[in-house]
Amino acid sequence: MLSRRETLATALSVAAMSLFPGMSQAQARRLVFATFTGSWEEAHRDVLVPHFRKANGNADMALDPMLSVDQIAKVTAARSNPPIDVMLHDPGPALVAIAQDLVEPFPVAGSKNYADLMPDAQDPLGPAIFFQAVGITYNPEKVKTPPKSWSDLWKPEFKGRVGITNLNSTLGTGFMVEIAKLRGGGESNIDPAFAAMKELQPNLAAVAANPGALATLYQQGQIDIGPGNFNAIQLLRARGVPVEFVKPDTGAIAFKTSIHIVKNSPNAKLAAALIESAMSPEVQTILMKSPYLIVPTNKKVKMEGEISKALAKDPDDLQKSFVFQDWKKINEQRSAWIERFNREIKV
């Protein structure tokens, strides 16, 4: 049953289409981009949206910040008439969205910027518009000798001072996979990482629900060292929080963050135009700088500032120093890992 308000809205839409025959379904509602919450929403609102509107006749659009799991749920519940036109995903959820046939290919042939993306960022079903880098985060006022390796987190001097996230986050899962690799496991064998976590228990001060909550713990002085997203740490530094980022000796973990046209979107052309803006060197150059410090994927963007100091001097250096994990293998067992982690790892 439709409410009185919904009935009126439908009637007005039908009347508008009859008065203006050229008005299509694509014009019936604004473009909706489901970005991430927090700093990502801020970056896209301040930089990407203005660039897109300027390039597309001030097209009407809205940001709808939400987690990847919520994006997928909303689109799945309304496949024939999705309420979202563009989704943003980390590698795990991106593979789920593609496997469930929720996205359609980006029109690569007509793209101005797609060919300029780094090879690891090129995927017609969802080009990567930035990388997230994970390394070791620490408080330099408390940790006098900068850490060099993931194994440093197990040192006795960090008893009760280490913070990590659970495996619901890409950060937490990626960290566990790297620890498994250091101890003879990997994407297909996480057991060595669980054994390592039990050894880490005396040092654990907190297991945060997500990277944002982990960052807050540094701000509150409750933890001094642990895995962390480069971008989140730089934002903390900008706010005066004593925290530094170090690339581990095995390399920084890299996550592709990809952008996708939702299947059956009534705004597919505008969705592609938004992705075009997101891939552009103009947008990525601004987002690379403070306060956003987002790692670019366009090879035309010159690495500068904190990114060139902490991560890489150029795209080739970035490709060499990043550790890309096999999320197809990870997804096969991730649900079971999450359940096991929540059951076994407690503070």
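The values are calculated or read from the model by the stated rules, or taken from the named source; none is laboratory data. Here the structure is a predicted model, which is why all the values come from computation and not from measurement. Note that each Cβ is placed from the backbone with ideal geometry, even for glycine, and that neighbours are counted across all protein chains shown. Surface areas here come from the heavy atoms of the whole protein model, side chains and all, with no ligands, DNA or RNA. Shrake-Rupley method; radii C 1.70, N 1.55, O 1.52, S 1.80 Å.
List of remarks:
- Dipole moment magnitude, nearest 20 debye, the chain about Cα centre, only Lys, Arg, Asp, Glu C-beta charged: 360
- Start at zero, step by 5 Å, and the Cα-Cα distances of segment 217-345 spread as 2, 8, 14, 16, 17, 17, 14, 9, 4, 1 percent across the bins.
- Accessible surface, segment 283-347, averaged per residue in Å² (probe 1.4 Å): 54
- Its Cα gyration tensor gives segment 190-281 an equivalent ellipsoid, and the semi-axes of that ellipsoid, as √(5λ) in whole Å with the largest first, are 35, 19, 14.
- When Rg and Dmax of the Cα atoms in Å is calculated for this entry, the matching label among (1) 19.9, 66; (2) 21.6, 74; (3) 23.0, 80 is (2).
- Tail weight of P(r) past 24 Å, computed on alpha-carbon pairs of segment 59-180, percent: 48
- Using alpha carbons only, the radius of gyration of segment 178-222 set against its Kirkwood radius gives Rg/Rh = 1.09.
- Equivalent ellipsoid dimensions for segment 92-146 as semi-axes, Å, which come from the Cα gyration tensor, largest first: 36, 16, 7
- Projecting the Cα atoms of Thr35, Ala273, Gly184 onto the charge dipole of the chain (Cβ charges, centred on the Cα centre) puts Thr35 farthest toward the positive pole.
- Surface share of carbon and sulfur [accessible, 1.4 angstrom probe, percent] for the chain: 53
- Subset of Lys198/Lys328; Lys144/Lys313; Lys142/Lys302; Lys54/Lys256; Lys54/Lys299; Lys144/Lys329 violating a 31 Å alpha-carbon distance limit: Lys142/Lys302; Lys144/Lys329
- Dipole moment magnitude, nearest 20 debye, segment 104-149 about Cα centre, only Lys, Arg, Asp, Glu C-beta charged: 400
- Kyte-Doolittle mean at least -1.0 and Cα axial length at least 20 Å: DSSP H helices in the chain: 4-19
- Residues in segment 30-76 average 47 Å² of solvent-accessible surface per residue, probe 1.4 Å, ligands and nucleic acids excluded.
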